[in-house]
Number of protein chains: 2
Amino acid sequence: MKPTVRLDPSDNVVTATRALEAGAAVEAVATTSLIPSGHKIATEAIPQGGPIRKYAQLIGYAATDIAAGDHVHTHNTEFRNTEQAYEFGTNLRNVEMVPETRRDTFMGYRRENGSVGTRNYIAVVTSVNCSATAARRIADAFGPEELADYPNVDGVVAFVHGTGCGMAGDGDGFEALQRVMWGYARHPNHAGVLMVGLGCEMNQIDWLLEAYGLKQSPTFQTMNIQGVAGLRKTIELGIEKVRSMLPIANEAKREPCPASELMVALQCGGSDAWSGITANPALGYACDLLVAQGGTGVLAETPEIYGAEHLLTARAIDRKVGDRLVGLIRWWEDYTARNKGSMDNNPSPGNKKGGLTTILEKSLGAAAKGGTTPLTGVYKYAEPVRAKGFTFMDSPGYDPASVTGQIAGGCNLVCFTTGRGSAFGSKPAPTIKVATNSEMYGGMIEDMDVNAGTMLSEGVSLEEKGREIYELFLRVASGEQSKSEAQGLGDYEFVPWQIGAVM
Amino acid sequence: MKPTVRLDPSDNVVTATRALEAGAAVEAVATTSLIPSGHKIATEAIPQGGPIRKYAQLIGYAATDIAAGDHVHTHNTEFRNTEQAYEFGTNLRNVEMVPETRRDTFMGYRRENGSVGTRNYIAVVTSVNCSATAARRIADAFGPEELADYPNVDGVVAFVHGTGCGMAGDGDGFEALQRVMWGYARHPNHAGVLMVGLGCEMNQIDWLLEAYGLKQSPTFQTMNIQGVAGLRKTIELGIEKVRSMLPIANEAKREPCPASELMVALQCGGSDAWSGITANPALGYACDLLVAQGGTGVLAETPEIYGAEHLLTARAIDRKVGDRLVGLIRWWEDYTARNKGSMDNNPSPGNKKGGLTTILEKSLGAAAKGGTTPLTGVYKYAEPVRAKGFTFMDSPGYDPASVTGQIAGGCNLVCFTTGRGSAFGSKPAPTIKVATNSEMYGGMIEDMDVNAGTMLSEGVSLEEKGREIYELFLRVASGEQSKSEAQGLGDYEFVPWQIGAVM
Ligand SMILES: [Ca+2]
Ligand SMILES: [Ca+2]
Ligand SMILES: [Ca+2]
Ligand SMILES: [Ca+2]
Ligand SMILES: [Ca+2]
């Protein structure tokens, strides 16, 4: 492993891949002091006030004269939080689209409405925690034996959560929850959906049907415990309803579908100093490949792009898309302030210890998952993603809440980078996990699909690792099980973002 | 069934138990118009400005001259929201305590620290959603076969939730979650506890151990997925750890314990017009009987006593207890305002349609669950309840979040009244469900333990119904299964109150 890593030829800092003594050779210079692993070294002199560049981006200014070989960190870096004058569409990279006739394909489930699934589940969706046990029991009734005659059905999944009542009946929180339910109801990975409620909850199933014009059908049915009168009868009736959906669901067959039908949730959790250097850029490269195929990447986790949103507005295809992103940033400032928190405690002490100096540097690392293509759409949490290309969805950084929104928005695949390690998995869209470093990959090899740590430990190129991830998208979309999927994860990770007061 | 019900001899209104035509005989008067079921009728003339009394309490003032037989509702009732000058301890009813030698007993599990359990579970408690699947798999490994040699162990339960990260590391939300975990860790219904985390979450298990001085022991162990390195190994190690607790847990034996060791969570959900007339007062009477035995009742659901808190401060044993309650009310006003909600939209349109006229009338109905004895303590959400007698715990009204706090506070039994019907159940403390009306009871007989509707439909007295509930407390505490328990409910209803922003 090389002692340092350079992220762009134009950068004037490189990152130490291990702790370096004073006097260590770093490119053409020598370190002037001890450099902790993950921290930055100046590769040329930077005069006071001069720009510090990493990822080919400005991450701060020299607070003092910095000599070549100096440790560059909070002690000699200044972050100028200029009131941002956002630019819109000033950094639009031309995307060379792969001609339609030469596009990659995967084996997917084409649904009647034209959407394409990567899996074929029947979902039992709950409106409120009060129907959680009922939904679990209904889904639990469909083990391998019950499903033996339906080889094309991947399973019956209960989507159970802790909210749905004791909440305001309008506003951000209510609307977000209804969008999540709607999103799971129409998800292309679902061949059938049964909604189960209690009956008196705030999050009324009937309101949802009305708001979104949903109609009951053989593969979309709803029921309430109070209407059916009792838990046992609800479970029995629910099992009957799901059983009646199985033959229909089993008729679905995989067929070749263009990669443009893939919508991949870009996610990170348990990040470390290498996330922004290995796994996130590699996922970004995979996203670029997908976008060139006409597919869609969905970046999310608004708190993690905070402070770098001007880089995304510059990539916005038009002013309207950019303004939506700025609107989300303002909403988050209000949301955290109202809740006596702050968006500004970034980078955290742990981040700083790991070598992240400014909010820009941190957010650049997270945003690297989104590659380099233009930003074609910005969506509310769990809103249907309609644009192709690179898009953004509002969400918290918290993994299960963020991914729940991305899946509700239509993502049929999830790619999740992690440095500390994670046992995350999701249904109905499977999660591919990418390790940022070889050490964690070695320890959690049963949980990790890809080791992006080889970009450091073995000098594997960004292009090579990005392509490896992209090709795994196609294989997993076609039915190959990801590691988390093989372990059966995804039954307990459905967490709609709960926004308002619980009353 | 009589056409009306009178709640106190001093009341000047009665409540219609069914829709009454104009001219219907009601006590000594005749109705002057159509009266919907659940609505009130004046049994004497009330001059403009005169007090309207129900539950022996002032619920409002006559806005116009009201004639005997008139419908009394929002059209002729005025609510004067005088800036409340709280009185403290001015309404302390003398409790005739049952002498210790003559107290009732139940068969409970006496723990080493002196606390008494009503069940004997092993708990797998999660710090964050990221360890949810791991915890479920560990608990799922202990089916009837695995437990056959341990007849005194009621089961292995996973307590899994949607929060634990993407949150501030201090403040109300964080502290509430840590109290919940601490409460489940020390609950007397748990013979052993295994805590499972991911490792990098905000809600660190280690911080909890430090904050509460918890020490690892053969029956209290912790582990992190990142530390163990991977899901499969975590599950295997977790199963081993639980298995090692089984022989110890199995040594616990039921023995006679005084009723003073019972701590009952008083809860309502899916309320209707009869809640405040049948089931809630009956549960309040049972609570009075329990308090006379030296036991504890824990009322909660702060939003549902809002506007009637002055009646509870008047019952507070001292100024300090009363001030804590007033502090909670102020906190809730701030919490809902910050979240763009309001405490003041009570009674709701649905409540009014059902006959509830003022916030006082509504809150009196909910508070009736707490009986009539002095208020001996007021607690934060999930805080250990140390006082004996009638106490109050801060919580939302939302059933699973409220009960989770009550159980964390030490409740070893839950009593839940419902009008619309509910399939709620809880672990490790079992839930007894009381129906407010005979119609719903008849429809959900497999879910309901007690029919308080017979107080209307068959004229069963408050005392008789209250004693029936109290005696059921003793039997269920001794091991008799409640209806929800027999159905196995309680595995999916653990919902820590999530207070702050999700980030
Ligand atoms: Ca993240
Ligand atoms: Ca995340
Ligand atoms: Ca079990
Ligand atoms: Ca209630
Ligand atoms: Ca409740």
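The values are calculated or read from the model by the stated rules, or taken from the named source; none is laboratory data. Being a predicted model, the structure only gives us computed values, none of them experimental. Glycine also receives a Cβ, built like all others from the backbone with ideal geometry; neighbour counts cover every protein chain displayed.
See the values below:
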| quantity | calculated |
| --- | --- |
| Breaking point among (1) buried (at least 24 other Cβ atoms within 10 Å of the Cβ); (2) within 14 Å of chain B (Cβ to nearest Cβ); (3) of a type outside the set (D, E), for A:R119 | (2) |
| Some residue of the range B:197-215 being farther than 30 Å from B:D104 by Cα, touching an Asp or Glu at 6+ places or on another chain (Cβ under 7 Å) and of a type outside the set (F, W, Y) | no |
| Considering residues of the range B:196-219 that are aliphatic (A, V, I, L, M) and farther than 19 Å from B:G173 by Cβ only, the residue farthest from the other protein chains (Cβ to nearest Cβ) | B:L214 |
| Contacts under 6 angstrom Cβ, first residue in the range B:298-309 being within 20 Å of B:C415 (Cβ to Cβ), partner among the aromatic types (F, W, Y), 6 or more apart | B:L299/B:F392; B:T302/B:W332 |
| Residue in the range B:184-200 that is more than 16 Å from ligand 2 (Cβ to nearest atom), of a type in the set (D, E, K, R), in a loop (DSSP other than H, G, I, E, B) and closer than 30 Å to A:P496 by Cα present | yes |
| Which numbered condition B:G341 misses (of (1) assigned to a loop (DSSP other than H, G, I, E, B); (2) under 29 Å from B:I41 (Cα atoms)) | (2) |
| Qualifying positions in the range A:260-286 - within 16 Å of ligand 2 (Cβ to nearest atom) and closer than 23 Å to A:G117 by Cβ | A:V264, A:A265, A:L266, A:Q267, A:L283 |
| Set B:G166, B:G162: member being more than 16 Å from ligand 5 (Cβ to nearest atom), in contact with a Phe, Trp or Tyr (Cβ under 6 Å, 6 or more places away or on another chain), touching a residue at least 60 places away in the same chain (Cβ under 8 Å) and part of a loop (DSSP other than H, G, I, E, B) | B:G166 |
| Cβ pairs under 7 Å, 6+ apart, first in the range B:129-144 and outside any helix (DSSP H, G or I), second surrounded by 24 or more Cβ atoms within 10 Å (Cβ to Cβ) | B:F142/B:V156 |
| From A:K433, A:K427, residue being more than 16 Å from ligand 1 (Cβ to nearest atom) and under 28 Å from A:V193 (Cβ atoms) | A:K427 |
| Meets criteria (within 23 Å of A:V153 (Cα to Cα), out of contact with any Asp or Glu (no Cβ under 8 Å at 6 or more places or on another chain) and either within 14 Å of chain B (Cβ to nearest Cβ) or part of a loop (DSSP other than H, G, I, E, B) (or both)) for A:G488 | yes |
| Residue check, B:G453 buried (at least 24 other Cβ atoms within 10 Å of the Cβ), away from every other protein chain (no Cβ under 14 Å) and at pLDDT 95 or above | yes |
| Residue in the range B:2-15 that is over 23 Å from B:V460 (Cβ atoms) and of a type in the set (V, I, T) present | no |
| Strands (runs of 3 or more DSSP E) lying entirely in the range B:32-127 (those with 1 or more residues that are in contact with a Pro (Cβ under 6 Å, 6 or more places away or on another chain)) | B:57-62, B:105-110, B:121-126 |
| Residue satisfying condition, being away from ligand 5 (no atom under 16 Å from the Cβ) and either buried (at least 24 other Cβ atoms within 10 Å of the Cβ) or modelled with pLDDT under 95 (or both), within set B:P430, B:P400, B:P496 | B:P430 |
| Scope the range B:457-503; condition within 20 Å of the chain's Cα centre (by Cα) and among the β-branched types (V, I, T); matching residues | B:I469, B:V476, B:V495, B:I499 |
| Residue in the range B:243-252 that is over 19 Å from B:L147 (Cβ atoms), away from ligand 1 (no atom under 16 Å from the Cβ) and of a type outside the set (D, E) present | no |
| Meets criteria (buried (at least 23 other Cβ atoms within 10 Å of the Cβ) and of a type outside the set (S, T, N, Q)) for A:G169 | no |
| Verdict on A:G479 being more than 13 Å from chain B (Cβ to nearest Cβ) and not in a helix (DSSP H, G or I) | yes |
| For B:L472: the one exception among (1) away from chain A (no Cβ under 14 Å); (2) in a loop (DSSP other than H, G, I, E, B); (3) surrounded by fewer than 24 Cβ atoms within 10 Å (Cβ to Cβ); (4) on the phi < 0 side of the Ramachandran plot | (2) |
| Members of the range B:26-56 that are among the aliphatic types (A, V, I, L, M) and either surrounded by fewer than 18 Cβ atoms within 10 Å (Cβ to Cβ) or farther than 25 Å from B:I359 by Cβ (or both) | B:V26, B:A28, B:V29, B:A30, B:L34, B:A45, B:A56 |
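Each row is one residue, and each column tells you yes or no for (1) in contact (Cβ under 8 Å) with a residue 40 or more places away in the chain; (2) away from chain A (no Cβ under 14 Å); (3) of a type in the set (K, R).
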{"position": "B:D334", "(1), (2), (3)": "no, no, no"}
{"position": "B:K352", "(1), (2), (3)": "yes, yes, yes"}
{"position": "B:T376", "(1), (2), (3)": "yes, yes, no"}
{"position": "B:K388", "(1), (2), (3)": "yes, yes, yes"}
{"position": "B:G405", "(1), (2), (3)": "yes, no, no"}
{"position": "B:C411", "(1), (2), (3)": "yes, yes, no"}
{"position": "B:T417", "(1), (2), (3)": "yes, no, no"}
{"position": "B:F424", "(1), (2), (3)": "yes, no, no"}
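The rows are residues; the columns are (1) under 17 Å from the mean Cα position of the chain (by Cα); (2) in the same structural domain as A:S478 (by TED's automatic domain parsing); (3) away from ligand 5 (no atom under 16 Å from the Cβ); (4) among the polar types (S, T, N, Q).
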{"site": "A:R315", "(1), (2), (3), (4)": "no, yes, yes, no"}
{"site": "A:G371", "(1), (2), (3), (4)": "yes, yes, yes, no"}
{"site": "A:Y379", "(1), (2), (3), (4)": "yes, yes, yes, no"}
{"site": "A:A382", "(1), (2), (3), (4)": "yes, yes, yes, no"}
{"site": "A:F390", "(1), (2), (3), (4)": "yes, yes, yes, no"}
{"site": "A:S395", "(1), (2), (3), (4)": "yes, yes, yes, yes"}
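Residue-wise test of (1) farther than 25 Å from A:G500 by Cα; (2) at the interface with chain B (Cβ under 8 Å from one of its Cβ atoms); (3) at pLDDT below 95.
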| position | (1), (2), (3) |
| --- | --- |
| A:C130 | no, yes, no |
| A:D140 | yes, no, no |
| A:P144 | yes, no, no |
| A:L147 | yes, no, no |
| A:Y150 | yes, no, no |
| A:V153 | yes, no, no |
| A:F159 | no, no, no |
| A:G162 | no, yes, no |
| A:D170 | no, no, yes |
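Results for (1) farther than 17 Å from B:G284 by Cα; (2) touching a helix residue (DSSP H, G or I) at 6+ places or on another chain (Cβ under 9 Å); (3) more than 16 Å from ligand 4 (Cβ to nearest atom); (4) not β-branched (V, I, T), shown as yes or no for each residue.
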residue: B:N346; (1), (2), (3), (4): yes, yes, no, yes
residue: B:A367; (1), (2), (3), (4): no, yes, no, yes
residue: B:T372; (1), (2), (3), (4): no, yes, yes, no
residue: B:G389; (1), (2), (3), (4): no, yes, yes, yes
residue: B:D394; (1), (2), (3), (4): yes, yes, no, yes
residue: B:I407; (1), (2), (3), (4): yes, yes, yes, no
